[in-house]
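Every number here is computed from the coordinates shown, using simple stated rules; none is lab data. Computed from a predicted model, the values in this text were never measured in an experiment. Don't worry about glycine lacking a Cβ; one is built from the backbone with ideal geometry, like all the others, and counts go over all protein chains shown.
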């Protein structure tokens, strides 16, 4: 209604208006809690804390191994989401309108996947859940890398959505299972930090591959996407080495 075909830039203004409208209840009805006065710290303090936590984590080999596994798996997922629009339109031939529908469909599958894998994680354990998500992710990336028809990418998009939503559920459950109670705050901070770092490295690798192989046309993008399969496989191999803690009874 507000955005014409081939003019995606027109979406910014209605998006901003909707963002403002949905924020109004927050502005008028939510009261701020007075902040406690705390001693100001140097901006490097946070990075020093991350470094200390990282050193401490090496004493917890099981948790450290999963962190490395998650780094590669999240790298593959985050990069896929980042380049999905470009790949779908430039390589598979989607129009901008078709991709919007694909993205909405992937989001719905992400929601469904999170509920399903919440149940699976509860029944089988978080490690099994993450392993199944890894398999789904690798399958989705393989289909996407080989996709020559749009229907193949529709399937890949749905599976990527499932992997995205499910990874949020299963990985956080597993890090709770693997982390000592008194160190959960620190390790969750490092867990989140590793996710941010991996989401930067992945697109950089993808972009470097497509740039260096640009003379090969769309094949460059397919090879770059295949590099994400390698990352996901590395993550899954590391995950195999993680020992699922025995549940307390």
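The simple Förster model, with R0 at 30 Å and r as the Cβ-Cβ distance, assigns residue 142 and residue 188 a FRET efficiency of 0.40. Between 20, 174, 141, the residue with the greatest mean-square fluctuation in the GNM of the chain (Cα pairs under 10 Å linked by springs) is 20.
Working from label points 7 Å from Cα in the Cα-to-Cβ sense, the residue 197 to residue 152 distance is 3.6 nm.
The slack between residue 30 and residue 101, meaning 0.36 nm per residue of separation minus the straight C-alpha distance, is 22.1 nm. Placing a label point 7 Å from the Cα of residue 89 along the Cα-to-Cβ direction, the residues of the stretch 103-138 whose backbone N falls under 15 Å of that point are 103-104. Taken over the chain, the ratio of Cα radius of gyration to 2.2 N^0.38 Å equals 1.15. For the peptides 25-34, 154-163, 89-98, residues were scored by their other Cβ atoms within 10 Å and the scores averaged per peptide; the highest-first order is 154-163, 89-98, 25-34. With the highest mean first, a sort of the peptides 61-72, 113-124 on other beta-carbon atoms found within 10 angstrom per residue produces 61-72, 113-124. Extension gain, residue 240 to residue 23, is 73.7 nm, computed as 0.36 nm per intervening residue step minus the present C-alpha separation. For the peptides 221-230, 142-151, the ranking by mean Cβ contacts within 10 Å, running from highest to lowest, is 221-230, 142-151.
The length gained by stretching the chain between residue 15 and residue 176 to full extension, at 0.36 nm per residue less their Cα-Cα distance, is 54.3 nm. Taking 17 Å as the cut-off, the amide N atoms of the stretch 168-210 that come nearer than this to a point 7 Å along the Cα-to-beta-carbon line of residue 119 belong to 169-170. Entry note, the chain: the mean residue ellipticity at 222 nm calculated from DSSP H runs of n ≥ 4, each adding -39500 (n - 2.57), is -26500 deg cm²/dmol after division by the residues and rounding to the nearest 500.
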